[in-house]
1. Full extension from residue 123 to residue 21: what is 0.36 nm times the residue separation minus their Cα-Cα distance, to one decimal in nm?
2. Suppose the chain between residue 44 and residue 87 were pulled fully straight at 0.36 nm per residue; how much longer would it get relative to their current alpha carbon spacing?
3. Run the numbers on the chain and let me know its relative contact order in percent, using alpha-carbon pairs under 8 Å that are six or more apart.
4. Tell me, what is the Rg over Rh of the chain, with Rh the Kirkwood radius over Cα pairs?
């Protein structure tokens with residue numbers, strides 16, 4: 001398993017994406033997200049975000065159809081919470097939360113964006 005510092009270093013190189021990859025649930029994702037999933041061994045995170053895209057909460061909210069902020073916060077006991085926001089988590093409550101009962105994700109927190117159906121790292125925005 002990759003360390004948190006090594007994963008941060010890998011992601012630091014992700015400054016833009018010329019390619020998009022298609023997830024089986026319909027969402028597309030960038031090279032940076034692909035690096036995150038491969039190096040962090042967290043394809044489950046892509047699956048989780050993608051699984052909400054066709055749900056009522058996103059389909060009926062025009063703001064979320066354009067832009068979403070996803071935050072994964074990992075606790076010391078290796079549980080986590082995945083949350084979706086319409087805007088910065090500091091200015092609004094989450095519209096979606098999912099408890100993750102167990103994870104070995106190496107970072108204490110990661111933020112992802114979905115912009116017009118593309119999942120990306122903030123550094124790729």
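A short reminder: the numbers here are calculations on the coordinates, not readings from a lab. Source: prediction; values computed, not measured.
1. Here the answer is 35.0 nm.
2. Going from the current span to full extension adds 13.2 nm.
3. 28 percent
4. Numbers: Rg = 13.7 Å, Rh = 14.7 Å.
Looking at the chain, the ratio lands at 0.94.
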